[in-house]
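I have placed the structure first, in the form of structure tokens, so that the comments after it can refer back to it.
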Amino acid sequence: MAHEPQHEQHYHDAANVTNPEHASHHIVTPRVYAAVFATLLACTALTVFAADINLGVFNPIIALAIASFKGVIVILFFMHVKYQSRLIKVTVGAGFFMFLVLVTMTLSDYISRAWGLW
Amino acid sequence: MSAPSNTILNLPDQSTAQLPRRNFINAEHGLLSWLFTSDHKRIAILYLISITFFFFIGGAFAGLIRLELLTPQPDLVSSDTYNKFFTMHGIIMIFLFLVPSVPATLGNFLIPMMIGARDLAFPKINLLSWYLYVIGGTLTLTALVLGGVDTGWTFTAPLSTHYLNTHVITTAFAIFVAGFSSVFTGLNFIVTIHRMRCPGMTWFRMPLFVWAHYAASILMVLGTPVLAIAMILIVLERLVGIGVFDPTKGGDPLLFQHLFWFYSHPAVYIMILPGMGVISEVVSTFSRKRIFGYTAVAFSSVAIALFGFFVWEHHMFIMGVSNYSALIFSLLTMLVAVPSAIKIFNWCFTLQMGSITFETPMLYAFGFMGLFTIGGLTGVFLGSLGMDIQLTETYFIVAHFHFVMVGGMLMAFLAGVHFWWPKMTGRMYPESLSKLAAVVTFIGFILTFMPQFVLGYLGMPRRYHAYPPEFQVLNVLSTAGATILGIGYLMPMIYLAWSLKYGAIAGNNPWQATGLEWQTQSPPLTENFTEIPIMDHEAYDYDWLEHKTADEVTHVA
Amino acid sequence: MHSAIANPQADQAQQHEHVSLPQHRHHFATPEQQREAGSFGMWLFLLTEIMFFGGLFFAYLLFRNWYYDAFVTASNQLSVPLGAVNTAILITSGFFMALAVWAAEVRKKNLLVLFLVLTTLLGFAFLGIKADEYHEKYEKHHIPGASFDTSQFINPAAYGLSEKPLAPDAAQKTQLFFFLYFAMTGMHALHMVLGLGILFWLMIRAQRGDFSSGYVAPIENFGLYWHFVDIVWIFLFPLLYLINRHPLAH
Amino acid sequence: MGISPVLWQFLVKWLNASALFPREASTIAPYMDSLYFFLIAITLVGVFLVAALLVTFSIRYRKAVHPVATQVEGSTLLEATWTIIPLGLFLICFVWGALLYFRIYTPPANSSNIYIVGKQWMWKAEHPGGQHEINALHVPVGQPIQLTMISQDVFHSFSIPEFRIKREVIPGRYSTVWFEATTPGSYHLFCTQYCGTNHSAMIGTITALSPADYKKWTEQSTSGMSLAQNGERIFASMGCNACHSGNAAARGPNLAGVYGSRLRLTSGAEVLVNEAYLRDAILNPSQHVTSGYTPIMPTYQGQISEDGLIDLVEYLKNLNTNDRVQQTLTTSQSGQAAPQASGVVKP
């Protein structure tokens, strides 16, 4: 079932030079899905477990790290981004980048409000 | 190129000229064929009609506002009514006119044609986006008919959430829905520009109009959802009263400001970027010259889109944000002014060594360049932290954004409508009348908004129903200008309608322009091109145009 | 450069006669172009969703930092077992959705329908548990608004809880937590409900055999949507349920 | 033919008032105006440059004169020029503006404080000496005045164009601005942030008086009780003194001399005690528990008005010794039964 992602029977249209990022289609096997699924379940258990230990400031960091890891593997495998064109990868990146802009730039106000006395 | 003349206008022999027998307008008949169309050109026409409708409603409110401000006393209407007037003026003009104006009409019509595609990537979503716009517009009108809303278009919390009893929820919902219309338009454009370009149409062969729309679409897709969530929070706050924005319950009213301006600052670039695209096309065509520094102009659009996301806090400099944060945002604001300066100078130098003619679109484009320069540079006043203290929330800021939005965007919109009118309808507008309209608009505009800069520095606050008598003279000047401006806007409305039936037949390419949209018949076929074109030359290649053989024109007689 | 007109459709039709499908729309040169455009469009839509939830996530982040104690106490009122089970259910639902995409791609109609049904059932299970949690909040007067009651946080001992009592001003801030809890999970649930509606439509079309001949774009794009909803929950779960689960050690 | 009388009247009116620029009536005004003139100069140069280019090129390269365009690709040098020069100018505007901003929002140490409370649709000014004004503010010339402002409801904005100052008045948080008037006279006070129905009626008059006149005005318009005295009364009547008595065994920290000091909180943070801190500690006490104390103070959110909070803050600012606190406490304890158990968390 699985094809190599590059250079196989899917066509590269010579006339359509405008789409060099044109990616061939890739079918992910159930085995990969199952592995990802198992990892996700394990991570869920891990995050519940980690929440019960007092690690101070590291609790939220670990929780978010696990959540981010889960999110990334869902995006890469369930959502096929690993096998997609660079355009899609950049698009996904852009979404999270803008979210970070929203958070960090807004926080630049909230964090430094107390610095001055006004 | 024998006898020098003052025009490039190249019309077919009017005694024999005919509109193409088959085109997108007569392809199907009946109202339903329009309401259920998936043709991007027909949707563009639907948009054109609906935004014109809302423009004149918004304009009527502007007229009423100026009329009230003719005298210092609050004599024409009550304070509440006045507040509803400027709120409606703002909401209608921004969300229902400026944001969709160029992208949803000209962009919708032209982007597929310019990149050699048969339609946008998602025609049904395009139609859906028009329906969402109509629903948003209808809800706004509903709020208006039910008694109006007086939050100001900025919906400042906690005023909008706890202290007003007008139709805030209806209006917020209207903006939410209209916002999704804009998201879908932007999404459609991005996918179309990435995926639907014809063979040979590389990124750097695209007209700058397409680049500008690409940049604006990025802003629409990434910015608008944040406005949507801000509006939802306003509605929930009103319904449940929960206090995210209420300081007595532990919330922060500035959080709303952050979320709101995260969209609403990029929104001004959503409004102006497509206008800049129009100006690039017009200036190039009427000076018969490739745009000076094509790449710089293209990248400056993208730079504006990117930097546009990093400057929103300059709307809040005196609102109690951290002073250090204000420093960062002020610096970034200065940076975002640079790409606009690049564009202005590149347009100017496009004229150099050109062969310039002065048709109506070019006059509007000149108007744009002058007014946008003033509008842009007065923006630097407001981005400069200390100066902002004196100028913000006064008529200076009103004048500034009207210079950018009306002097800039509306001029560009009119330039574009005149420029592509022959393509969209197959007929010419009356040239001398339209030149008069362009001049009247320019004079009216200057007279309306120049006095407001002075008023602003004198300290007259915006959104004031009554004002101290010493400000009257300048306000009278402004109202007088608004009257002239109103005439300037009514004129195109009338003669363009007239030209639909009586205008001269335009032929395929009356301006001898290079874009792919001009190489096909006017009005175009439903499928745009009988065969998908191949782009084998750069954008704005006037040599190619001159040597192009007749059979390269896609034409169905 | 004299021949400025080509006919790529004809060329491609020669190269790829097998790809001519009834779902192919006229304005796309090739089905491949159509499919890529569809998936790219879906991704852009998901970007808007990221920014949409982003606003809520930022509000959460801000108030959690300002009113940490209130958020911890309020968060401890949520049931971790229910939340964890729901996470597992949603992940499983996503797993079946991924398998459904695979089944469509390898053109196995019955498997596709089966996986779609399983996805849907698990989606409903998630919403059922969520509804139960909402109901519990309702009974405890933890729904923000007029009936919101903070006494449980001010005097937990009277309710048989081992929580650290909150000062009244801090206890009021628990309302912010619950508001964000309902806003975020509610917005997430709304996306689930819309998704389930689309799933029904997809099941009917799948049963009809629409997706068994190589035309998988709707399944694929809906899969993206469904996984995105998963991801939102993957972040909501630790943020809302697991803020600080060891109050005595604190 | 002459000018029509209506128009003439307008012109006279306009020219008699400040025609293009407002009067300079504070020490900040000249700084603001010089930046303004600099920015206007940039704008004029920019506009004339663009206009000159447009006109020159339009005349020299119009079709009749220049029938065939010469294609030019661009010029990196020229483009770099009009990237770098505007950037440089804009950066100057940034630095200059930032310096001015910090000047306007950083009150000098010797400034005297006046409290402003904004509400729909009026301004209340409260002088420490107990003078209360509505939609008016009397200030002395030659003395830096700091305004500590708060809103009872929505955003307002306190603007005196002739002084070139403006600051948003925020609900739930003090904001400050300062000025030093230079010329006696009366000036406009505007609310510039849209605040509802009568936004345009939320105006007032600033009267700058010579020091002698100001002294006279102060004596004439005193209400007889200073803000601090009023605050002391509230302090006693709300039962604050029961815990904040200054005794070693008191349940609340000693408040004498707390203003201006640095406090360590139970959360570990170290904060400077200023007006904002004092106000917030009264409304959200559990977030401002001084290290070594337990979070037993109830919130006074909704129980004291912003004016009352100002009185309390002003009282605490001037509280140097606990003598009077303990005195009041003894009287109130002997006079009646135990005071309201205000320090105890309500069940």
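Each value in this text was obtained by applying a stated rule to the coordinates, not by laboratory testing. Fair warning: this is a prediction, and the values are worked out from it, not measured in the lab. Here the Cβ is made from the backbone with ideal geometry for all residues, glycine too, and neighbour counts use every protein chain on show.
Below are the figures for this structure:
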quantity: Gyration tensor verdict on the range D:5-105 (Cα atoms; rounded if a/c is under 1.5, prolate if a/b is larger than b/c, oblate otherwise); calculated: oblate
quantity: Selection of trypsin sites (Lys or Arg not before Pro), the range C:118-162, meeting DSSP coil and at most 14 other Cβ within 10 Å; calculated: C:K140
quantity: Rounded to 10°, Cα long-axis angle of helix D:211-220 versus longest principal axis of chain D; calculated: 40
quantity: Span from the the range B:347-401 Cα centroid across to the the range B:60-94 one, whole angstrom; calculated: 26
quantity: Ascending count of other beta-carbon atoms within 10 Å, so fewest first, for C:R245, D:R264, D:R167; calculated: D:R264, C:R245, D:R167
quantity: Sites D:M225 and B:I443 - FRET efficiency at Förster radius 56 Å, r taken between beta-carbons, to 0.05; calculated: 0.35
quantity: Long-range Cα-Cα pairs in chain D (distance over 25 Å), rounded percent; calculated: 66
quantity: Spin-label zone in the range B:431-447 - amide nitrogen under 17 Å from a point set 7 Å from the Cα of D:V55 along the C-beta vector; calculated: B:443
quantity: Under 20 Å from the A:A35 label point (7 Å along Cα→beta-carbon), backbone N, the range C:79-99; calculated: C:92, C:94-99
quantity: Nearest 10 degrees, 0 to 90: helix D:323-335 Cα axis against chain D principal axis; calculated: 50
quantity: Estimated distance in nm for a label pair at B:F53 and D:L265, the labels positioned 7 Å out from Cα along Cα-to-Cβ; calculated: 5.5
quantity: The range B:1-141: C-alpha gyration tensor shape, a/c 1.5 cut-off, then a/b vs b/c; calculated: oblate
quantity: 0 to 90° range, to nearest 10: angle between helix C:174-208 axis and chain C longest Cα axis; calculated: 30
quantity: Label-zone membership for the range C:194-235, site C:N110, 7 angstrom Cα→C-beta point, backbone N under 16 Å; calculated: C:207-209, C:212
quantity: Per-residue [θ]222 nm for chain D (sum of -39500 (n - 2.57) over DSSP H runs n ≥ 4, rounded to 500); calculated: -12500 deg cm²/dmol
quantity: Chain B: DSSP helices with Cα axial extent of at least 24 Å and average Kyte-Doolittle hydropathy no lower than 1.6; calculated: B:208-240
quantity: Order of C:L47, B:L64 under a 10 Å beta carbon neighbour criterion, fewest first; calculated: B:L64, C:L47
quantity: Alpha-carbon centroids, the range D:256-271 and the range B:514-532: separation in whole Å; calculated: 74
quantity: Among beta bridges that DSSP assigns inside the protein assembly as shown, antiparallel share in %, nearest 5; calculated: 70
quantity: Convex hull volume per residue in cubic angstrom - Cα atoms of the range B:216-257; calculated: 56
quantity: Two-site label geometry, D:L11 and C:A146: point separation in nm, points 7 Å out along Cα→Cβ; calculated: 6.5
quantity: Convex hull (Cα only) mean projected area of the range B:1-77, reported in nm² to one decimal; calculated: 11.7
quantity: Sum of -39500 (n - 2.57) over DSSP H runs of 4+, divided by residues of chain B (222 nm, nearest 500); calculated: -21000 deg cm²/dmol
quantity: The range C:133-244, Cα convex hull volume normalised per residue, Å³; calculated: 122
quantity: Likely footprinting exposure, D:F90, A:F58, fewest C-beta neighbours within 10 Å first; calculated: A:F58, D:F90
quantity: Pair B:R21, B:W498: separation of 7 Å Cα→Cβ label points (nm); calculated: 3.3
quantity: Anisotropy class of the protein assembly as shown from Cα gyration tensor, a/c 1.5 cut; calculated: oblate
